[in-house]
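Just below is one structure, and these are the notes that go with it.
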Amino acid sequence: RLEMMDKKQLESLRMLYIEVDELAGDIISLKPKVVIDSVTGCTPERTDKHVIPIKGIDMEEYIHLQKKLAQKTRKLLKQIDKMEKWIDCVEDSELRTIFRLRYQKGKTWAEIGQSLGYDRRTVARKCDMFFEN
C-alpha cells in the first residue's frame, strides 16, 4: 500500500533538495589555505634553505562535507523515490504537473502559474485544495 504524502513532507523534501545543492556548492567552493613550510633547496641553482608556500584544502573539512553530502543524498534519493511513486498515483494530470514542478523542480508558485497559464494564487490554491480533501 502506498503511503500518502502530506504538504509538510513534500516541503521538507523540497528543502532537502536545496540543502544537498548547497552542500555540493560548499565542497566546490572550499578555499585552499596557504601553509608556510621550510625545505632545503633541491635544485642545482638553489641549495640554500628557503621558504615555500604550499596551498591545499583542509582535508578534515572536505571529508566532513563529503560524508554529510553522501548522507543527505541517500536520504534525498529515498524520499524522491517515495514522492515519485506517490505523484504517479495522483489521478489529476494537472496536479501531478504542479507537484513535480513545485517539489521536484523547486519552482515557485509564480513560475508554475506562468508555465501553466494561471496566476500563482490559483496553482497554490489547487494544491491546498488537494490536501484539504
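A simple packing score, the average count of other Cβ atoms within 10 Å per residue, orders the peptides 22-28, 57-63, 11-17 as 11-17, 22-28, 57-63, with the highest score first.
Pairs with C-alpha atoms separated by more than 30 Å, drawn from the list K7/K31; K31/K67; K7/K72, are K7/K31. Each peptide in 72-79, 111-118, 96-103 was scored by the mean count of other Cβ atoms within 10 Å over its residues; highest first, the order is 96-103, 111-118, 72-79. Using a cut-off of 18 Å between Cα atoms, the listed pairs K8/K126; K82/K126; K75/K126; K68/K107; K78/K107 include K82/K126; K75/K126; K68/K107; K78/K107 as exceeding that distance.
No lab work stands behind these numbers, since they all come straight from the coordinates. If you're wondering where the values come from, they're calculated on a predicted model, not measured in any experiment. Neighbour counts are summed over all protein chains in view; Cβ atoms, including those assigned to glycine, are modelled from backbone coordinates with ideal geometry.
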